[in-house]
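All remarks here apply to the structure that follows.
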Amino acid sequence: MPTAPYGVRLLVGAAVTAIEETRKLPQTILTYPMTVASQLAHIVMKMQQDIADLVIKGDETLESIFPPKDEQPEWATFDEDLGDAPSVPVLDGERRTEGRFALFTGGEPETSDPEPVARPVSAGAPEIVEDLEYESLTLAQLRARLTSLRVPDLEVLLAYEDATKARAPFQTLLSNRITRATAK
């Protein structure tokens with residue numbers, strides 16, 4: 001049999017394909033919503049990847065123009081700087097947290113006594129330190145009491161903190177409060 005012209009073969013092929021797809025339609029129509037959702041998720045993820053690639057290229061370019069400084073603040077400590085020192089300070093045989101975790105802990109070791117155990121304040125501590133029981137205050141407790149203190153008391157507390165524990169969050173809190181109080 002001689003071959004049919006190209007256009008006729010194309011039309012017959014398209015008609016047969018349309019009939020086959022129409023027969024499959026009841027089965028495939030159920031998968032269309034999931035297919036559309038999947039394709040949409042693929043497009044969104046591809047867009048996010050492309051944006052992330054652009055950001056990485058931008059970071060690399062900016063880093064080559066403005067190289068980062070390798071400065072370490074004096075208050076920053078890392079595990080390799082500490083050596084064999086314990087990771088958490090030990091007080092009276094109990095572990096205690098300081099720094100940012102002092103927001104959530106009382107700073108005193110847990111005891112079974114219902115009465116809080118008062119720690120002795122070091123000799124020569126200013127009166128405001130003793131009155132506030134400053135040594136046992138957490139950062140949140142200190143923040144709550146700052147509004148009732150005068151600027152000279154704040155300066156004394158800051159000097160005491162600098163001379164004793166030199167905890168950066170406490171120093172920053174006191175310094176900021178002094179700045180705000182003197183600006184008024």
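Mind giving me the nanometre distance, one decimal, between the label points for Glu71 and Glu133, set 7 Å out from Cα along Cα→Cβ?
4.1
Just tell me which lysines come within less than 25 Å, Cα to Cα, of Lys46; anything on the same chain fewer than 8 places away is out.
Of all the lysines, those that pass the test against Lys46 - Cα under 25 Å, at least 8 places apart if same chain - are Lys57.
How high is the FRET efficiency between Ser148 and Thr182 when r is their beta carbon distance and R₀ equals 22 Å, given to the nearest 0.05? List each step's numbers first, then the result.
Details: r = 17 Å, r/R0 = 0.75.
FRET efficiency, Ser148 to Thr182: 0.85.
Hey, rough spin-label estimate for Leu10 and Ala41, points 7 angstrom out along Cα→Cβ, what's it come to in nanometres?
Label-label distance for Leu10 and Ala41, simple model: 3.9 nm.
Scan around Ala125 for amide H atoms under 5 Å from its own, H built in the peptide plane at 1.01 Å from N, and keep only partners 5 or more places away or cross-chain.
Here nothing satisfies the definition.
Answer rounded, prolate or oblate for the range 6-65, using the Cα gyration tensor with square roots of eigenvalues a ≥ b ≥ c: rounded when a/c is under 1.5, else prolate when a/b is larger than b/c, else oblate. Could the numbers behind the result be given before it?
Working: a/c = 11.51, a/b = 2.44, b/c = 4.72.
Oblate is the answer for the range 6-65, as a/c is 1.5 or above yet b/c matches or exceeds a/b.
Only the coordinates and a few stated rules stand behind these numbers; no lab work does. Keep in mind it's a predicted model, so treat the numbers as computed, not measured. With ideal geometry, Cβ positions are generated from the backbone for all residues, glycine too; neighbour counts draw on all protein chains shown.
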